[in-house]
1. Scan the stretch 85-120 for residues that are in a loop (DSSP other than H, G, I, E, B), within 18 Å of the chain's Cα centre (by Cα) and farther than 20 Å from residue 158 by Cβ and report the count.
2. Might you let me know whether the stretch 147-154 holds any residue that is within 14 Å of residue 59 (Cα to Cα), touching a Phe, Trp or Tyr at 6+ places or on another chain (Cβ under 8 Å), at pLDDT below 95 and part of a loop (DSSP other than H, G, I, E, B)?
3. Filter the stretch 75-134 down to residues that are at positive phi, free of Cβ contacts under 8 Å to residues at least 40 places away in the same chain and small (Gly, Ala, Ser), then give me how many there are.
4. Here's a check for you: in the stretch 61-84, which residue that is more than 11 Å from the chain's Cα centre (by Cα) and hydrophobic (A, V, I, L, M, F, W, C) is surrounded by the fewest Cβ atoms within 10 Å (Cβ to Cβ)?
5. Which residues, counting only those in the stretch 121-143, are assigned to a loop (DSSP other than H, G, I, E, B) and under 25 Å from residue 69 (Cβ atoms)?
Amino acid sequence: MRRRRPARTLTATVALAGSLALAGCSSAADTSAHAGTKGPELSVSGAYIPQPVMADMAAGYFTVTNTGDTDAELTSVSSDLAADITMHTTTDNRMRKVNSLTVPAGGRLTLSSGGNHLMLMELTHKPVAGDKVSMELHFATAGPIGVTVPVEPTGYRPKD
């Protein structure tokens, strides 16, 4: 013969077990691993597009600064100016297309002539010096950044 527990004891036992289970899954343990982490904090400066020589292709340059404490991955760039924008690195005078570029924590990613850069292909029109082009930079773990990029005369080089 089984002895029945009073309903009050059973309810208290279930409540205690439930609260212990919830305590084990508490978010306090989850957030402590990320305490002090502020993630990537990004800003863009020095953006420009040299006036293109060809009607269907241009290059783009800028610097992304990351004052955060985790790296950011630039995964794509979009603009109404070009149907296709690709990212490239240049090593030993060889240009190579890449899927992403890293903006290191506490550092910067510089896109410049002869180094990392954008190639804007299939232009909707040929921009001229003085024009402004809207671009949006997309990151793997940070929100997009909109940038207004001036078109500079052919041969323009920014001051360091």
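1. Final tally of qualifying residues: 5.
2. Checked the stretch 147-154: no residue is within 14 Å of residue 59 (Cα to Cα), touching a Phe, Trp or Tyr at 6+ places or on another chain (Cβ under 8 Å), at pLDDT below 95 and part of a loop (DSSP other than H, G, I, E, B).
3. 2
4. Taking the candidates together, the pick is 83.
5. The initial filter retains those residues of the stretch 121-143 that are assigned to a loop (DSSP other than H, G, I, E, B), namely 124-131, 140-143.
Within the stretch 121-143, 140, 141, 142, 143 meet the criteria.
Quick grid of which residues meet (1) more than 30 Å from residue 131 (Cα to Cα); (2) modelled with pLDDT of 95 or more; (3) among the hydroxyl-bearing types (Ser, Thr, Tyr):
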site: 3; (1), (2), (3): yes, no, no
site: 29; (1), (2), (3): yes, no, no
site: 35; (1), (2), (3): yes, no, no
site: 70; (1), (2), (3): yes, yes, yes
site: 75; (1), (2), (3): no, yes, yes
site: 100; (1), (2), (3): no, yes, yes
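The values are calculated or read from the model by the stated rules, or taken from the named source; none is laboratory data. Computed from a predicted structure; not experimentally measured. Here Cβ is always computed from backbone atoms with ideal geometry, including for glycine, and neighbour counts include all displayed protein chains.
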